[in-house]
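The values are calculated or read from the model by the stated rules, or taken from the named source; none is laboratory data. Values in this document were obtained by computation on a predicted structure and should not be read as measured data. Heads up, the Cβs are rebuilt from the backbone with ideal geometry, glycines too, and the neighbour counts pull from every protein chain shown.
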Amino acid sequence: MASPSKRLDKIPPYLFAEVARAKREAIARGVDVIDLGIGDPDLPTPQPIIDALSEAANDPSTHRYDESARGYIPFLESATRWYGRTFGVELDPANDVCQVIGSKEGLAHLAWSYIDPGDYSITPDPGYPVYKVNTLMAGGEVYETPLKRENGYMPVLADIPTDVAKKAKLFYVCYPSNPTAGVATREFYEDAVAFCRDNDIVLVNDMAYATVTFDGHVNPTALQVPGGKDVTVEFHSLSKMYNMTGWRLGFAIGNPDVVATLQKLKSNIDSKQFAAVSKAGAVALDSVDNTATMKTYQRRRDLLCDGLAELGWHIDKPKATLFVWAPVPRNDMTSAEFVAALIEKTGVVTVPGGGAGPSGEGYIRMALTLPGDKDGERFAEAVRRIRESGLVS
Ligand SMILES: Cc1ncc(COP(=O)(O)O)c(C=O)c1O
């Protein structure tokens, strides 16, 4: 048998394997597990989107290859319309956007489109691992920017060494942030755009949670900043916005040269998304309102954060994302040890922040998604069990 490529050795071990094992053991013991581990929307995709898919799938013209240059054209038009309505920035559906098969695919392939051996990506620590792993597999190097609470979970640009900035091609940021739930400010984007312009770097903004927001919060974007489009590409996803993780649909939008570069690679790898899925995605972007889903998450967030605050565990309430980023409430345990103790004593599954990067140590992440929860009752139950466990003292 031939040996796999050595580049696969650059993939780090699955950091949450220990959590998965502890969860399996708890289930085997008959524990009623409350799994706040992975953030995968538990509510169904809204019916109008399913109906649009069903209708489109019955149209034989969707059954063939989508031979468009950058993705199904009505979808790209809906994406730019949605962007204009949501963020007030007008973009060109013919040049400024391409469709991706979920934003993960696009974020990964962007690294393969730009990184040669010796090139750097600047990535968030803690962060979604896709930016880092694909940069390393493409032969590049990674410089991780620590995200600290005292800096609003935004990187300090002045701390990035000049020689790294010179060798960097991609600066990945993610706002609203997985895992910290931090949101970026307009000022940060202004500084990041200037930094990328001065150093010839592409600013890559992963906005998978752009409209997963609470309390009326509205996220700014890097493309709103004057000159932002000169250096920025943003990745948007229908996954979390419309409970569509399984559908695999998103788009890259912004600088037309970056979009074209990504598309050049993609056209040699995939043959685009099923046109019926794209058609349904266009309906979602044009006409589906996600307010009810956000209200459900917000209620869960409040039950969890307010309930834990009553135990003396003070956690910043997230303005966005599907996550609560909580400081480990004891100084005698690492994040992994606290997660293990929580599973053991309460059946509540969370993930250790240290798994998403060294600066995540000292935190755990709790998802606001939970199959079977209707109106927050399982989140209230999680709080009750944590209170009774005595783990938070
Ligand atoms: C920060 C972040 N970016 C991107 C993705 C990928 O989303 P999708 O590929 O479903 O669009 C995820 C998924 O969890 C995520 O958390």
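Descriptive notes on the structure:
- Of all residues making up segment 199-238, the number that are over 11 Å from the mean Cα position of the chain (by Cα), assigned to a strand (DSSP E or B) and polar (S, T, N, Q): 2
Per-residue answers, yes or no, for (1) over 30 Å from Ala57 (Cβ atoms); (2) buried (at least 18 other Cβ atoms within 10 Å of the Cβ); (3) among the acidic types (Asp, Glu):
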position: Ala280; (1), (2), (3): no, yes, no
position: Asp302; (1), (2), (3): yes, no, yes
position: Lys317; (1), (2), (3): yes, no, no
position: Pro327; (1), (2), (3): yes, no, no
position: Met333; (1), (2), (3): yes, no, no
position: Phe338; (1), (2), (3): yes, yes, no
position: Val349; (1), (2), (3): yes, yes, no
position: Gly354; (1), (2), (3): yes, yes, no
position: Gly360; (1), (2), (3): yes, yes, no
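- Where a residue in segment 89-106 is on the phi > 0 side of the Ramachandran plot and its partner, wherever it lies, is surrounded by 24 or more Cβ atoms within 10 Å (Cβ to Cβ) and of a type in the set (A, V, I, L, M), with Cβ under 8 Å and at least six apart: Gly102/Leu249
- Scanning segment 188-209 for residues that are closer than 26 Å to Arg365 by Cβ and more than 16 Å from the ligand (Cβ to nearest atom) gives Phe188, Tyr189, Ala192.
- Yes/no for Asn178 being under 22 Å from Asp316 (Cβ atoms) and of a type outside the set (D, E, K, R): yes
- Pairing residues of segment 35-48 that are closer than 18 Å to Glu381 by Cα with residues that are among the small types (Gly, Ala, Ser) and within 12 Å of the ligand (Cβ to nearest atom), at Cβ distances under 6 Å and at least 6 apart in sequence or on separate chains, gives Leu36/Ala367.
- Some residue of segment 75-93 being buried (at least 24 other Cβ atoms within 10 Å of the Cβ), closer than 23 Å to Gly140 by Cβ and at pLDDT 95 or above: no
Residue-by-condition table, conditions (1) in contact with a helix residue (DSSP H, G or I) (Cβ under 6 Å, 6 or more places away or on another chain); (2) within 16 Å of the ligand (Cβ to nearest atom); (3) aliphatic (A, V, I, L, M); (4) in the same structural domain as Gly71 (by TED's automatic domain parsing):
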position: Gly246; (1), (2), (3), (4): no, yes, no, yes
position: Pro256; (1), (2), (3), (4): no, no, no, yes
position: Gln263; (1), (2), (3), (4): no, no, no, yes
position: Ala276; (1), (2), (3), (4): yes, no, yes, yes
position: Gly281; (1), (2), (3), (4): yes, yes, no, yes
position: Lys295; (1), (2), (3), (4): no, no, no, no
position: Gly307; (1), (2), (3), (4): yes, no, no, no
position: Arg330; (1), (2), (3), (4): no, no, no, no
position: Thr334; (1), (2), (3), (4): no, no, no, no
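- Segment 7-49, subset small (Gly, Ala, Ser) and either assigned by TED's automatic domain parsing to the domain that holds Val142 or assigned to a helix (DSSP H, G or I) (or both), residue nearest to Val339 (Cα to Cα): Ala22
- Every residue from segment 210-231 that is more than 16 Å from the ligand (Cβ to nearest atom) and either touching a Leu at 6+ places or on another chain (Cβ under 9 Å) or not assigned by TED's automatic domain parsing to the domain that holds Val173 (or both): Leu223, Gly228, Lys229, Val231
- Helices (runs of 4 or more DSSP H) within segment 239-347 that include 2 or more residues more than 30 Å from Glu90 (Cβ to Cβ), of a type outside the set (Lys, Arg) and without any contact (Cβ under 8 Å) to a residue 60 or more places away in the chain: 291-310, 335-346
- The set of residues in segment 10-39 being under 13 Å from Val133 (Cα atoms) and surrounded by fewer than 10 Cβ atoms within 10 Å (Cβ to Cβ) consists of Pro13 alone.
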